[in-house]
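Student: Dumping the structure here so I can ask a few things about it.
The values are calculated or read from the model by the stated rules, or taken from the named source; none is laboratory data. These numbers come from a predicted model, not from an experiment. Here the Cβ is made from the backbone with ideal geometry for all residues, glycine too, and neighbour counts use every protein chain on show. The accessibility values were calculated without ligands, DNA or RNA, using every heavy atom of the protein model including side chains. Shrake-Rupley method; radii C 1.70, N 1.55, O 1.52, S 1.80 Å.
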Amino acid sequence: MSEVMVDVHGVHKSFGPLEVLRGVDLQVRAGEVTVILGPSGSGKSTLLRTINHLEKVNRGWISIDGELIGYRRSGSKLHELKEKDVLKQRTHIGFVFQNFNLFPHLTVLENLIEAPASALRRPRKEAEDAARRLLERVGLADKAGAFPRQLSGGQQQRVAIARALALEPKVLLFDEPTSALDPELVGEVLDVIKDLARTGTTMIVVTHEIGFAREVADTVVFMDDGVVVEQGPPAAVLDTPQHERTRAFLSKVL
Ligand code: ADP
Ligand code: MG
C-alpha cells in the first residue's frame, strides 16, 4: 500500500448557521484517484476548497504529504499560518475549476509560465520548456501563442489542467471539470485526466460522470448533506451501494 497523500480528518465547516461539512474523513493514497459524487449542495466544492485552505475549517484538520494545511501545531493548539505560507502550501495543490479560470490577457504559454516563474522563481527558459512539454502532453502544442478566448471550452480546460501541472503539485483537485462543456467536448478533457491517472498523479475529482468514475477511480466517495455516506471501489459503490441515499442518487444519474 502506498502512503497517504491527502488526509482529511473530522472536518466541520459552517457558513453562519448552515453546517455544510459535518465531520468528513477522507484518505487518499499517493498515486490514487478518488472520485467524489453527490447531489448539488452536499458540500463537495466546500470540501475541495478546505483542502487547499480557500475555506478555513471550524473543526478537524487536513494534511497533505504529512504536512498540516493552513495551520501549524504547537503542543495541542493549532495556529493559522501566515498568508504567504498558505500560498506556498497551495503551490503543492493543483486546482482545476469548472469554469477554467485562465488569465484572459495572457497567452496559453504565459498562462503556464506565470506561476512557476513567480511563485517558484523558476528561470523563465526552464519554465517555458516545461510549459511546452505540458502543452504537448495535453495535445495543445500548437496553441502556445493563442489567447484563451480563441480556444474551445475543452481546449481551455486542457490548458487549465496543464497550468495546474506546471507547479508539479502533490495532488490535483478537480471541481466538476467538464460541467461547463458542450457534450462533444467532455471526452477530450476526461481523456487528459485518464492519462494523468495512468501515470500515477494523485487526484480528487468531483464529477457527475459516472462512466469516468467507474473506469478511472480507485475509490468512489458518495457525499450527501455534509458527510461521506459511503466509499469504496467503484464496482461496490456504483453497483451494490449499501445506503438508501446512495441508491436514490444513483437512480437519478445513471
Ligand atoms: P456542492 O459542491 O456539493 O454542490 P457546495 O459545497 O458548493 O456543494 O455547497 C454546500 C452548501 O454550502 C450549499 O448550501 C451552499 O449554498 C453553501 N455555501 C457554499 N459556499 C458558501 C459561502 N461562501 N457562504 C455561504 N454558503 C455557502
Ligand atoms: Mg460544487
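Student: Looking at segment 196-245, which of the residues that are among the charged types (D, E, K, R) and closer than 22 Å to LYS170 by Cβ is nearest to ligand 2 (Cβ to nearest atom)? Step through it out loud before you land on a result.
Tutor: Going residue by residue through segment 196-245, those that are among the charged types (D, E, K, R) are 198, 209, 214-215, 218, 224-225, 230, 239, 244-245.
Subsequent filtering for residues that are closer than 22 Å to LYS170 by Cβ retains 198, 218.
Working: ARG198: 26, ASP218: 22 Å.
If we take residues in segment 196-245 being among the charged types (D, E, K, R) and closer than 22 Å to LYS170 by Cβ, then ASP218 is nearest to ligand 2 (Cβ to nearest atom).
Student: While we're here: Name the residue that is farthest from ligand 2 (Cβ to nearest atom), counting only residues in segment 46-68 that are closer than 15 Å to VAL28 by Cα and part of a loop (DSSP other than H, G, I, E, B).
Tutor: Filtering segment 46-68 for residues that are closer than 15 Å to VAL28 by Cα and part of a loop (DSSP other than H, G, I, E, B), the one farthest from ligand 2 (Cβ to nearest atom) comes out as GLY66.
Student: Condition check: in contact (Cβ under 8 Å) with a residue 40 or more places away in the chain and either outside any strand (DSSP E or B) or over 20 Å from PRO234 (Cα atoms) (or both). Does ARG22 satisfy that? Steps first, answer last, please.
Tutor: Details: in contact (Cβ under 8 Å) with a residue 40 or more places away in the chain: yes; either outside any strand (DSSP E or B) or over 20 Å from PRO234 (Cα atoms) (or both): yes.
Spelling it out, ARG22 is indeed in contact (Cβ under 8 Å) with a residue 40 or more places away in the chain and either outside any strand (DSSP E or B) or over 20 Å from PRO234 (Cα atoms) (or both).
Student: If you don't mind, there's one more thing I want to ask. Every residue in segment 73-103 that is within 19 Å of LEU173 (Cβ to Cβ) and of a type in the set (Asp, Glu), please.
Tutor: Selection gives nothing.
Student: Taking the options LEU120, LEU106, LEU87, name whichever one is surrounded by fewer than 17 Cβ atoms within 10 Å (Cβ to Cβ), touching an Asp or Glu at 6+ places or on another chain (Cβ under 7 Å) and of a type in the set (A, V, I, L, M, F, W, C). Outline the logic, then answer.
Tutor: On the way: LEU120 fails: touching an Asp or Glu at 6+ places or on another chain (Cβ under 7 Å); LEU87 fails: touching an Asp or Glu at 6+ places or on another chain (Cβ under 7 Å).
It is LEU106.
Student: Go over the candidates GLU209, GLU176, GLU244 one by one and state the one that is at pLDDT 95 or above and over 16 Å from the mean Cα position of the chain (by Cα).
Tutor: Numbers: GLU209 fails: over 16 Å from the mean Cα position of the chain (by Cα); GLU176 fails: over 16 Å from the mean Cα position of the chain (by Cα).
Being at pLDDT 95 or above and over 16 Å from the mean Cα position of the chain (by Cα) holds for just one of GLU209, GLU176, GLU244, which is GLU244.
Student: Under 9 Å between Cβ atoms, at least 6 apart or on separate chains: pull out the pairs that start in segment 211-228 with a residue that is farther than 20 Å from THR201 by Cβ and end on any residue that is hydroxyl-bearing (Ser, Thr, Tyr) and more than 14 Å from ligand 2 (Cβ to nearest atom).
Tutor: PHE222/THR246; ASP224/THR246
Student: Follow-up. Could you please find all residues in segment 154-173 being of a type in the set (Gly, Ala, Ser) and either touching a residue at least 60 places away in the same chain (Cβ under 8 Å) or farther than 17 Å from GLU128 by Cα (or both)? Break it down stepwise before answering.
Tutor: Of the residues in segment 154-173, the ones of a type in the set (Gly, Ala, Ser) are 154, 160, 162, 164, 166.
Across segment 154-173, the qualifying residues are GLY154, ALA160, ALA164.
Student: Of all residues in segment 69-84, how many are among the polar types (S, T, N, Q) and either surrounded by 12 or more Cβ atoms within 10 Å (Cβ to Cβ) or assigned to a loop (DSSP other than H, G, I, E, B) (or both)?
Tutor: Step one: filter segment 69-84 for residues among the polar types (S, T, N, Q), giving 74, 76.
Then drop every residue that is not either surrounded by 12 or more Cβ atoms within 10 Å (Cβ to Cβ) or assigned to a loop (DSSP other than H, G, I, E, B) (or both), which leaves 76.
Adding up the residues that qualify gives 1.
Student: Restricting segment 149-192 to residues that are more than 16 Å from ligand 1 (Cβ to nearest atom) and among the acidic types (Asp, Glu), which is farthest from LYS88 (Cα to Cα)?
Tutor: Step one: of segment 149-192, the residues more than 16 Å from ligand 1 (Cβ to nearest atom) are 149-172, 181-192.
The next check asks that each one be among the acidic types (Asp, Glu); those that pass are 168, 182, 184, 188, 191.
Working: GLU168: 13, ASP182: 35, GLU184: 37, GLU188: 31, ASP191: 30 Å.
The selected residue is GLU184.
Student: A follow-up question, please. Kindly provide the set of residues from segment 8-60 that are open to solvent by 20 Å² or more (accessible area, probe 1.4 Å), aliphatic (A, V, I, L, M) and more than 8 Å from ligand 1 (Cβ to nearest atom), ordered by number.
Tutor: If the condition is that a residue be open to solvent by 20 Å² or more (accessible area, probe 1.4 Å), aliphatic (A, V, I, L, M) and more than 8 Å from ligand 1 (Cβ to nearest atom), then ALA30, LEU54, VAL57 are the ones that fit.
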